[in-house]
Amino acid sequence: MREIKLVNVVLTGLLISGLLIGCTEEGETKGEQVKTEETTIKHVAAVNPSKIWSDVSTPEGFNNYEIEPTLEAWIAYHAQDINKTTDVDEYYLRADRLTKEMLYFRVQGEDLQKDFENLNVLQILMGHLDYVISVEKQQGLDTAESYEELTKCFTYFTELLHDLNVIINNDGKGETYGLTHQLDGSKVDELEKLLYTEARKE
């Protein structure tokens, strides 16, 4: 009889121990889950406010090129069309046409606005060089150096336009020339050194 009671006590003890161990393991598992969730939350990268942009275009009245009057269609059209000329005397005219249309197509966002401003400054610099070339021609001076500078600016203009098209139409995914603040381009400093050094000379 005493042996039966002893067996019952041992079995009861084992049962209680098992339940306690189960509860402890469950508690530890829940703790691990909470830790995992907390870790996941901590690893979510903060979005850089300077990269957030929006389309604030007002295309009413724009009906050029038989394209849809949207920022996406407009930038895609020019990114493709601007490379169709090899006539250096058309470089400034094409750049000027595009920047005048920025009246209709605009963006809001710190870094992307800087990129569009650089596009605009390139056009202004090209306008200055176009004027210099016309004066040099009138005076019978050598225009080779000015044409070289104009070609260099136009190349930057087309490459920057390409990068902007990748940003606006492909969410920044694709090959670029590295000329935008928006994508932390490796050649932004190179571009701005040219732009703002030349601007100070004028």
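The values are calculated or read from the model by the stated rules, or taken from the named source; none is laboratory data. Everything quoted here is computed from the prediction, not taken from an experiment. FYI the Cβ positions are ideal-geometry reconstructions off the backbone, even for glycines, and counts take in every protein chain you see. Side chains are part of the model used for accessible areas, which takes the heavy atoms of the whole protein and leaves out ligands, DNA and RNA. Shrake-Rupley method; radii C 1.70, N 1.55, O 1.52, S 1.80 Å.
Name the long-range amide H neighbours of V107: under 5 Å, sequence gap of 5 or more, or other chain; modelled H, no Pro or chain starts.
Residues meeting the amide H criterion: V56.
Please give me, ordered by residue number, the GluC sites (Glu not before Pro) of the stretch 109-185 that lie in loop per DSSP and have at most 14 other Cβ atoms within 10 Å.
Here the GluC sites (Glu not before Pro) that fit, given the DSSP loop and packing criteria, are E175.
Taking 7 Å along the Cα-to-C-beta vector as the label spot, tell me the S50-D184 distance in nanometres, rounded to one decimal.
The two pseudo-label positions are separated by 1.1 nm.
Using the structure shown, select from K100/K137; K51/K187; K152/K193; K51/K152; K114/K152 the pairs with a Cα to Cα distance greater than 25 angstrom.
K100/K137; K51/K152
Read phi for every residue in the stretch 66-78 and hand back ³J(HN,Hα) as whole Hz from Karplus 6.51 cos²θ - 1.76 cosθ + 1.60, θ = phi - 60°, with x for Gly and Pro.
Whole-Hz 3J(HN,Hα) from phi for the stretch 66-78: 6, 10, 5, x, 10, 4, 4, 5, 5, 5, 5, 4, 5.
Out of residues 5 or more away from Y177 or on other chains, whose amide H comes under 5 Å of its own, with H placed 1.01 Å from N in the peptide plane?
Under 5 Å from the amide H of Y177 lie the amide H atoms of D163, each far enough along the sequence or on another chain.
Report the label-to-label distance for A73 and E101 in nanometres (one decimal), using points 7 Å from each Cα along the Cα→Cβ vector.
1.1 nm
Between K193 and E117, what FRET efficiency follows from the Cβ-Cβ distance if R0 is 22 Å, with the result rounded to 0.05?
0.90
Carbon and sulfur together cover what percent of the accessible area of the stretch 98-185 at a 1.4 Å probe radius?
Its accessible area is 46 percent carbon and sulfur atoms.
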